[in-house]
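Peer 1: Have a look at the structure that comes next, please.
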Amino acid sequence: MADGAASSSMEVDGLDLLVTSTTHAETTVVVSETDNLPSSTRFAAYNVGYVYDPRMMLHSCSTGHQEDPDRISRIFDTLKAGGCIAQMVPIPIREIRREEVLLVHSESLWDKVMAISSMTEQDIADSTAYYDELSLYAHPSTPLCARLSCGGVVEAALAVARGQVKRSFAIVRPPGHHAEPDEHMGFCFFNNVAVAVKVVQLLTPIRKILILDWDIHHGNGTQRAFYDDPSVLYISLHRYDGGQFYPNGPFGSMVSCGEGPGLGYSVNIPWPQNHMGDADYIYAFQHVIMPIAMEFTPQLVIISSGFDAAKGDELGECDVTPAGYSHMTHMLTSLANGRVVVALEGGYDLEAISNSALAVTQTILGEAPQQLDPMVVSEVAAETIWQVALEQSKHWKNINPKACDPLQPEDDSVTFSIPAHRQDYLYRQHEMLQVPFAPEALDERFSAQAACTADVMDNQTLVVFIHELGNLRVELDSVMECNVQMEHSYMIDMSKDLIGWVKDSGYALLDINVLPKPFATKKLARGSGNYPGELMTYIWDNYIEMVSARRVVLIGHGPGCEALMYLISHRTVAVMRMVTAVVQVVGHSNLPATPRDAGDIMTWYHKRSLAILPANHRVFTSGKVLKRHGNVLRMDETKPIRILHTALPTIYEFIQAMLDKSSPQNGTRDS
């Protein structure tokens, strides 16, 4: 190959792509030749891109090997058959440049990898023992494939960092996360993700990057590349087995947390055995990964996506399902304004990696995660996460070891971190629109947590549902059990029934999640400090009083009842004028105090209120309190989300009765 760069076109999936090949004789860092085109020209109408080039299959072993060329072709074919490729834009691939590789690796490593291209068949045979020792195999095409693989991840990351696509998937091989600055090893020649991080930081304004590595093996090379770098947070979930699982040694232990300014920015979750599954991984996300990531606030997320923890992979011997991968991906897309890059690492069962990759791709395309079966967190996982939390609490304020101590649970429930599920459901299934907030303190705590039907401005009847369902509390028999599917199913069924009734009745709906997001820092300029209550008064003043509705129904669920009563107490005159019915499904929360002043408010409230409580609620020991709430319904069901679902027919009947007493001509939609 001559010095300089050469461009050629190739056809992938019927599309002509510009491929730029470069040599290591050049001295400047450049990117794809298509970068001079505006992003609207290159990626119009696409939110997700992919990188794929069948030339990467040339790296092969004549005697067979787990790192099979068919890994990437099977994934690509599965994504194509599943309809994903048609929804994605191909990102032009290129070979990585020497100068880019040297941002992470030594010159001697570059030279060692490049020298493979000149090896004869006999040279390769003679060096088998050397490469076996490094868990590698060599082929004359290995340097080309390594350059394409690394360059592909760089281009996938740059496309996201520059806003040309929202997310991307680099379907590449050979993998990269074991390659250390001075050595290739573990099927890896160049550290694709590490080089991509350095190039993104060099060529774009993005500085803070999270690398989440869920490959079953510890990404020793990636961790070492950023061990003293506080701009890169590296988190790895991997089998450790006391340091006896590849790559072996103590570097992947939970106490290996970085050094110097990078101390605390390496987070290892080392599983001590095989057969770790969805519940274990999601439990780790809940208690360690997401709290740390939210405190770090990355500008870009890169997933080192090995699929060798997938059920069926004989090398990893673990049990993560495609649904588990989709849920983890979904959680990560809530970070960095949704900027996520998925870079293929390991995974050696062709069916398992294809199905897992399909689930991840569907999720980054915006589909809701697949449903999970009922899950039980293993004792060994709970113990491991507790120990990791003890270690990481030295570096991160958001980590609370007591919250995941398997011997001393804080309470009888854990929060399942799928807050976007219900909002995504409202948007996709019911075309409900997001309600924006102007005050920064409210926006920081509640952004994307209020939604309304499209007719909210014109409809004469408005139902306002105030709750904390967006961050579903999964009730447990013990800290180990996590029956997510059943609880999530109740939430969706209840939402479907409530919204269906509202629409069928011809009313508008305003859905408000009053659970403040954790770790918010901004304060209201003035106010009570009761953020859910302040949110409700803000929505009342800026939305409800501005719409056409003159009959408003307030429905509170759980802690949302407190915000509802705060609104009544602070906007009494307007509430008495507009609100027709007040329903509170209290669950096990405290029954909010009734309004006590403003003249006729007690009489008004008593006539229009319905309070629904479980039979075992402590308030039933005090009849005086209940008398203030007018209509009271005592339910045999004890789980809060099920109380609401079970009580819906009674709620509908009560609301309709209250509305029928008001002006009947206001009960229909305007035409």
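Peer 1: Would you mind checking which residues have amide H under 5 Å from PHE169's amide H? H placed 1.01 Å from N; only 5 or more apart, or other chain.
Peer 2: Close amide H contacts, sequence-distant or interchain: GLY49, TYR50, VAL51, VAL342.
Peer 1: Can you pull the percent of Cα pairs in the range 320-383 with separation above 17 Å? Could the numbers behind the result be given before it?
Peer 2: Numbers: 936 of 2016 pairs.
Cα-Cα pairs in the range 320-383 separated by more than 17 Å: 46 percent.
Peer 1: Show SER118, SER135, SER149 ordered by accessible area, largest first, where the area counts protein heavy atoms only and the probe is 1.4 Å.
Peer 2: From most exposed to least exposed: SER118, SER135, SER149.
Peer 1: How large is ³J(HN,Hα), in whole Hz, for each residue of the range 385-391 in order, when computed from phi with the Karplus curve 6.51 cos²θ - 1.76 cosθ + 1.60 and θ = phi - 60°, using x for Gly and Pro?
Peer 2: With coefficients 6.51, -1.76 and 1.60, one gets 5, 4, 5, 5, 4, 4, 6 Hz.
Peer 1: Any idea how far apart LYS503 and ASP660 come out in nm if each label point goes 7 Å out from Cα toward Cβ?
Peer 2: 2.5 nm
Peer 1: Here's something else I'd like to know. Any idea how far apart PHE251 and ARG55 come out in nm if each label point goes 7 Å out from Cα toward Cβ?
Peer 2: My value for the distance between the label points is 3.1 nm.
Peer 1: Then there's this: Say each of ALA125 and ASN47 gets a label point 7 Å from the Cα, pointing the same way as Cα to Cβ; how far apart are those two points in nm?
Peer 2: Placing both labels 7 Å along Cα→Cβ, they lie 5.5 nm apart.
Peer 1: Between SER118 and GLU379, what's the calculated FRET efficiency when r is the beta-carbon distance and R0 is 56 Å? Round to 0.05.
Peer 2: Once rounded, the FRET efficiency stands at 0.55.
Peer 1: So how compact is the range 145-248: Cα radius of gyration and Dmax in angstrom?
Peer 2: Values for the range 145-248 (Cα only, Rg and Dmax): 13.5, 43 Å.
Peer 1: Pairs LYS80/LYS166; LYS496/LYS661; LYS166/LYS402; LYS503/LYS661; LYS503/LYS639; LYS80/LYS311: which exceed 25 Å Cα-Cα?
Peer 2: LYS496/LYS661; LYS166/LYS402; LYS503/LYS639
Peer 1: Which of the GluC sites (Glu not before Pro) found in the range 344-383 are loop residues per DSSP with 16 or fewer other Cβ atoms within 10 Å of their Cβ?
Peer 2: Details: sites: GLU345, GLU351, GLU367, GLU379, GLU383; in loops: GLU345, GLU367.
Listed in order of number, the matching sites are GLU367.
Peer 1: Follow-up. Filter the GluC sites (Glu not before Pro) in the range 287-343 down to the DSSP loop ones having no more than 14 other Cβ atoms within 10 Å, then list what survives.
Peer 2: Sites meeting the loop and neighbour criteria: GLU314.
Peer 1: For the range 63-208, take the convex hull of the Cα atoms, compute a quarter of its surface area, and give me that in nm², please. Working shown, then result.
Peer 2: On the way: hull surface 37.5 nm².
For the Cα atoms of the range 63-208, the hull's average projected area reads 9.4 nm².
Peer 1: Looking at the calculated P(r) for the range 157-311, what percent of the C-alpha pair distances fall above 23 Å?
Peer 2: So the pairs more than 23 Å apart make up 33 percent of the total in the range 157-311.
Peer 1: What's the Cα-based Rg to Rh of the range 198-261, Rh via Kirkwood?
Peer 2: Working: Rg = 12.8 Å, Rh = 12.6 Å.
Reported Rg/Rh, Kirkwood definition of Rh: 1.01.
Peer 1: OK, next. Leaving out ligands, DNA and RNA but keeping every protein chain, what accessible area does LYS208 have, in Å² rounded to the nearest 10, with a 1.4 Å probe?
Peer 2: Accessible area, nearest 10 Å²: 70 Å².
Peer 1: Over all directions, average the projected area of the Cα convex hull of the range 301-408 and note it in nm². Please list the in-between numbers first.
Peer 2: Details: hull surface 32.0 nm².
Projected area, direction-averaged: 8.0 nm².
Peer 1: Further question: Per residue, how much accessible surface does the range 220-279 expose to a 1.4 Å probe? Answer in Å², no decimals.
Peer 2: 33 Å²
Peer 1: A follow-up question, please. Subtracting the Cα-Cα distance from 0.36 nm times the residue separation, let me have the gained length for GLN273 to SER106 in nm, one decimal.
Peer 2: This chain segment gains 56.7 nm when fully extended.
The values are calculated or read from the model by the stated rules, or taken from the named source; none is laboratory data. Small disclaimer: the values here were computed from a predicted structure and weren't measured. Backbone-built Cβ (ideal geometry, glycine too); neighbour counts: all protein chains shown. For accessibility, only protein heavy atoms count, side chains too; no ligands or nucleic acids. Shrake-Rupley method; radii C 1.70, N 1.55, O 1.52, S 1.80 Å.
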